[in-house]
Structures are given as structure tokens and as C-alpha cells.
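Since the structure comes first, as C-alpha cells, the remarks are kept for the end.
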Amino acid sequence: MEILIINPNSTQAMTDALKPLVESLGYDKTTYTFFTAPSGPKSINDEGDAVVSVDHCVPSILPMLETHDAFLVACYSEHPLVPILRERTSKPVTGIFESSVTAALHLMHPWQKFGIVSTGKVWEEILTNATAHFLGFGEISTSSVGGGESKRFAGVETTGLSAVELHDVSADVVREKMINATKRLLGKGAVGAICLGCAGMSGMDEIVRTACIEELGEAKGSEVRIVDGVKAGVATLEGLVRASF
């Protein structure tokens, strides 16, 4: 099996950071190709950046549709590359956003909610509405989700850092902002799963776990499921290809 993992921004360091994470999953019979956009946004910080990134990626990706078995768009958004690639191939295509939400729903108890910890504040509304679209209940406001209208979705909390800044600012600053965002999310109650809402957060599970334990105590904090979208995406594609749907 050959899976193409697509970083639609043009920062090679972000792509490189995904490689050890994917390799740690132990799918030793699968070959992974890692693609970085040859040009375009250095970091996808809003929906406009996502749209712009498509034109910089598609010409290089289309020839690879024949040589790979599945495709993962490693941008935590309702990225337009996902439906565009699905229109051009019958092979499995998913994004890390879709995969993480699906995994969270499978992993938590029916009475619990999942939430997302992401980067800049703009993502609070974007990911709230993306989740609403994905789950099929239409556009909603961030205030309505926070007010408890969704029985499964707690909402989105953000660090205020861009994807690039997650690796450029000091580790202490990143840790503090990640912990604070996680605790705000947990404060919404009955959170059973937390999705890491940025590919640049891959590998930061331990920080979120620390926040869960500090906020909820050792026992309850250790039970919260932390979902890395890249891991969830690779696992999803492995299953879809092997099941030959």
C-alpha cells in the first residue's frame, strides 16, 4: 500500500515533523510519500489560505493519483482539496479534520462531548461550522455550541498561535497556551475526547494530557481521549484500503 500525505502549505519543516509520528504507527507494509506544497501560504491561517493553497498543490498531486492507493490532506480544516481529489479518483481520500472527529465519536461514551483545541482565534468559528457541516446539522454559531445545543460537540478553544508559531516560539509559551486552551475546553463539561486541531500540534498529546490531569485529577484526566488527526487519518486510510470498499 502507498499513501500520499499532503501538507498543503509550503513549510517543509511541518511536513518533516509528521514523518516520525506516522512511522511510529508501525504499519511496516505501507509506504508513505510526504508532499509539501511547492509554493503558496507558509501556514494556512484561515479559509482564504486554504483556497489559495489548492492552486499550488493540484498540478503536482494529480499525476500522483495513479501511483498511490490513498490520500491524506494534513490540514486541520474543511480543506477544499478533500472534495476536489474525491472528484478525480475513486481511491480513499480524507482530511485530518474529518478523521479526528470520526475517531472522537467512536472513542468516547454516548453521554460525552468532544472538543477541538486549535491555533488562531479565527478557527473557533471556522471549525465550529465545519463540524456542523460534517455532522450534518447545518451552520451554527460558536455561542450556541458553547451554550450546550449540541449533545456531542463541546466547541473549539484556541491558543492564539499560528501553525508556524507552534514551532517558532519558545516551548514554554506553547505549553502554557495549549494548557490554558485545553482547560477552557474541559470547563464546558462532559468532555470525553479532545482533537488536536492543527497538523502542527501532532506529537503534543502530552501537553494536553497534563492539562486534563491538572484540571480533572489523575483518574478522570487520564480517561480523556486525545485524538491526533494525522494518526487518525492514516489509520482510517489503512482500514479503507485493506477493506477494499
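All of the numbers you see were taken from the coordinates with simple rules; none came from a lab. Fair warning: this is a prediction, and the values are worked out from it, not measured in the lab. Don't worry about glycine lacking a Cβ; one is built from the backbone with ideal geometry, like all the others, and counts go over all protein chains shown.
What distance in nm separates the simple spin-label points at residue 55 and residue 206, each placed 7 Å from Cα in the Cβ direction?
The two pseudo-label positions are separated by 4.3 nm.
Return one number: the angle in degrees, 0 to 90 and rounded to the nearest 10, between the long axis of the Cα atoms of helix 47-61 and the longest principal axis of the Cα atoms of the chain.
30 degrees
Short version: ³J(HN,Hα) in whole Hz for each residue of segment 201-208, in order, from phi by Karplus 6.51 cos²θ - 1.76 cosθ + 1.60 (θ = phi - 60°), x for Gly and Pro, what are they?
Result, ordered by residue: 8, 4, x, 9, 4, 4, 5, 5 Hz.
Using helices alone, I'd like the mean residue ellipticity at 222 nm for the chain: each DSSP H run of four-plus residues gives -39500 (n - 2.57), total over residue count, nearest 500.
-14500 deg cm²/dmol
Give me the extension gain from residue 184 to residue 1: residue separation times 0.36 nm, minus the current Cα-Cα distance, reported in nm with one decimal.
Between residue 184 and residue 1, full extension yields 61.8 nm more.
State whether segment 98-230 is rounded, prolate or oblate according to the following rule on the C-alpha gyration tensor (a ≥ b ≥ c being the square roots of its eigenvalues): a/c under 1.5 gives rounded; otherwise a/b larger than b/c gives prolate, and the remaining case gives oblate.
Taking the square roots of the gyration eigenvalues as a ≥ b ≥ c, segment 98-230 is oblate.
Set the bar at 20 Å for Cα to Cα. Now go through 177/231; 19/91; 177/220; 121/183; 19/177; 42/177 and name every pair that lies beyond it.
Result: 177/231; 19/91; 177/220; 19/177; 42/177 exceed 20 Å.
With the Cα gyration tensor of segment 161-219 giving a ≥ b ≥ c as the square roots of its eigenvalues, does the rule (a/c under 1.5 for rounded; else a/b larger than b/c for prolate; else oblate) give rounded, prolate or oblate?
prolate
In vacuum, with every alpha carbon of the chain counted as one equal point scatterer, what does the Debye formula give for log10 I(q)/I(0) at q = 0.16 Å⁻¹? Two decimals, please.
Cα-only, vacuum Debye calculation for the chain: -1.16.
Placing +1 at every Lys and Arg Cβ and -1 at every Asp and Glu Cβ, with all other atoms neutral, what dipole size does the chain have around its Cα centre, in debye to the nearest 20?
520 debye
Collect residues whose amide H, placed 1.01 Å from N in the peptide plane, falls under 5 Å from the amide H of residue 195; neighbours closer than 5 in sequence don't count.
Distant-sequence amide H within range of residue 195: 115, 116, 117, 227.
Based on DSSP loop calls and a cut-off of at most 11 other Cβ atoms within 10 Å, the longest stretch of the chain free of exposed trypsin sites (Lys or Arg not before Pro) is what?
It runs 30-150.
Taking the Cα centre of segment 98-230 as origin and charging only Cβ (+1 Lys, Arg; -1 Asp, Glu), how large is the dipole, in debye to the nearest 20?
400 debye
Under a Cβ-Cβ cut-off of 13 Å, what is the net charge of the residues other than residue 161 that fall near it, where Lys and Arg count +1 and Asp and Glu count -1?
Every neighbour counted, the sum reads -2.
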